[in-house]
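S.K.: Before I ask anything, here is the structure I am working with.
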């Protein structure tokens with residue numbers, strides 16, 4: 001009897017999560033497809049086709065140097081788009097973003113299934129990451145900054161899945177190298193993989209494994225330095241020092257692109273900032289839409305509460321400790337950045353380390369997922385879906 005009840009509850013859980021996944025991806029596709037075809041990576045891909053590294057004109061977030069406009073973000077998304085632009089000039093970033101989001105969902109499911117060995121709960125965790133966290137914003141918008149993070153997530157997840165399954169370290173290194181060519185700060189994530197390799201590899205093979213892992217990363221670093229030199233006559237300049245900024249960002253930048261003085265504001269948006277109430281003008285009477293987001297950011301507590309389970313159910317094993325360590329390191333560098341992540345839902349820069357938090361989260365549910373966790377995921381999705389429409 002108990003076995004039948006367990007089977008019945010699992011079937012109900014499976015049906016519910018499949019309906020949520022279908023609903024989520026249907027609305028993701030509807031939201032993403034109308035994206036502006038003249039987005040930065042599309043324009044950069046067109047420039048690559050004409051053997052140029054700069055835009056033909058000024059676009060949002062571009063960097064002006066020697067009379068030409070460049071895009072500071074890593075070039076990999078534009079390189080991926082280039083053959084599609086060669087085939088059809090009507091191709092948009094939205095198509096690539098949809099494909100990557102579906103891929104990310106599948107990779108998240110596979111990673112969770114390896115760790116918790118339950119396909120229904122793995123579906124719940126994958127859904128939670130894509131739709132019940134701040135990730136919903138980058139999946140639903142397909143702006144260039146969003147596409148960069150969706151692609152970086154794909155590459156990090158590929159590296160993590162390879163690490164916990166076949167452990168082909170050169171392939172892990174290739175994935176991380178490409179992630180770095182998308183978001184340069186992800187070079188810091190190499191530490192996580194080095195720590196895992198040191199812990200899990202036989203003593204005599206550690207050096208060889210680390211060398212195989214680092215080789216593609218070193219090659220990619222050299223390529224990116226040459227890319228910078230061709231654009232800005234400097235191996236280390238990515239374009240951020242020449243970026244055309246709005247007034248508030250320009251004022252922030254005067255305190256330094258990275259400075260400890262930016263910590264309080266970033267911490268405020270990452271941990272404390274909630275949605276804002278909407279009142280009838282001149283009153284304190286709530287009116288539709290009742291709540292609105294602050295596009296400068298919103299706390300992980302509101303946008304990605306599923307990760308709070310790590311605090312209460314953390315499994316004290318090496319890979320989890322390493323994942324939390326690298327998340328803390330990446331967060332530290334995010335907190336000193338002047339930009340905060342304006343034009344965002346949640347705290348967008350945290351998505352650089354969400355794949356590592358996901359590893360820790362999966363281990364937290366290794367012994368099962370409670371109904372309260374699933375209810376939290378559902379309500380978090382509803383909350384996020386409601387507010388992300390306002391970005």
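S.K.: Can you give the FRET efficiency for residue 261 and residue 236, using 1/(1 + (r/R0)^6), R0 = 22 Å, r = Cβ-Cβ distance, to the nearest 0.05?
M.R.: Details: r = 23 Å, r/R0 = 1.02.
Step by step, r from the Cβ atoms, then E = 0.45.
S.K.: May I pose another question? With viscosity set to 0.692 mPa s at 37 °C, what whole-number translational diffusion coefficient in µm²/s follows for the stretch 2-388 from Stokes-Einstein and a Kirkwood radius over Cα pairs? Could you put the intermediate results ahead of the total?
M.R.: Values: Rh = 22.0 Å.
Using the Kirkwood radius from Cα pairs, D works out to 149 µm²/s.
S.K.: Can you give the FRET efficiency for residue 86 and residue 22, using 1/(1 + (r/R0)^6), R0 = 35 Å, r = Cβ-Cβ distance, to the nearest 0.05? If you can, show how the numbers build up before the last one.
M.R.: On the way: r = 34 Å, r/R0 = 0.96.
According to the calculation, E is roughly 0.55.
S.K.: Sticking with this structure for a sec: Can you tell me the length gained on complete extension of the stretch residue 367 to residue 225, counting 0.36 nm per residue apart and subtracting the Cα distance? Display every interim value, and only then the final one.
M.R.: Details: separation 142, 0.36 × 142 = 51.12 nm, distance 4.57 nm.
Full extension from residue 367 to residue 225 adds 46.5 nm.
S.K.: Counting other C-beta atoms within 10 Å, which of 143, 296 has the fewest, and how do the rest follow? Intermediate results must be reported in sequence, preceding the final value.
M.R.: On the way: 143 23, 296 17.
Starting with the residue having the fewest Cβ neighbours, the order is 296, 143.
S.K.: Order by neighbour count: 196, 391, 30, 320, fewest other Cβ atoms within 10 Å first, most last. Spell out each step's value before the answer.
M.R.: Details: 196 22, 391 14, 30 10, 320 19.
In order of increasing Cβ crowding within 10 Å: 30, 391, 320, 196.
S.K.: How much length would be gained if the chain were fully extended between residue 325 and residue 167, taking 0.36 nm per residue of separation minus their Cα-Cα distance, in nm to one decimal?
M.R.: Working: separation 158, 0.36 × 158 = 56.88 nm, distance 2.08 nm.
Taking residue 325 through residue 167 to full extension adds about 54.8 nm, to one decimal.
S.K.: So if I take the centroid of the Cα atoms in the stretch 117-181 and the same for the stretch 208-263, what is the distance between those two points in Å?
M.R.: For the stretch 117-181 versus the stretch 208-263, the Cα centre distance is 22 Å.
S.K.: Order by neighbour count: 201, 139, fewest other Cβ atoms within 10 Å first, most last.
M.R.: On the way: 201 16, 139 28.
Taking fewest neighbouring Cβ atoms as first place, the list is 201, 139.
S.K.: Suppose only helical runs count, i.e. DSSP H with n ≥ 4. What mean residue ellipticity at 222 nm does that imply for the chain under -39500 (n - 2.57) per run, divided by all residues and rounded to the nearest 500 deg cm²/dmol? Don't skip to the answer; put the middle values down first.
M.R.: Numbers: 17 runs with 236 residues, N = 391.
Only helices count here, giving -19500 deg cm²/dmol.
S.K.: Between rounded, prolate and oblate, where does the stretch 289-329 land on the alpha carbon gyration tensor, with a ≥ b ≥ c its root eigenvalues, rounded for a/c under 1.5, else prolate if a/b exceeds b/c? Could the numbers behind the result be given before it?
M.R.: Working: a/c = 6.22, a/b = 2.28, b/c = 2.73.
Oblate, because a/c is 1.5 or more while a/b does not exceed b/c.
S.K.: Starting from the Kirkwood radius over alpha-carbon pairs of the stretch 260-391, derive D by Stokes-Einstein at 10 °C in a medium of 1.306 mPa s and give it in µm² s⁻¹. Walk me through the numbers on the way to the answer.
M.R.: Details: Rh = 16.1 Å.
Approximately 99 µm²/s, per Stokes-Einstein.
S.K.: If I take R0 = 56 Å and measure r between the Cβ atoms of residue 218 and residue 284 in this structure, what FRET efficiency does the formula 1/(1 + (r/R0)^6) give, to the nearest 0.05? All intermediate terms of the calculation are to be shown ahead of the outcome.
M.R.: Numbers: r = 59 Å, r/R0 = 1.05.
Between residue 218 and residue 284 the formula returns 0.40.
Computed from the coordinates by the stated procedures, all read-outs in this text should not be read as laboratory data. Since the structure is predicted, the reported quantities are computational estimates derived from the model, not experimental observations. As a convention, Cβ positions derive from the backbone with ideal geometry for all residues, glycine included, and neighbour counts pool all protein chains shown.
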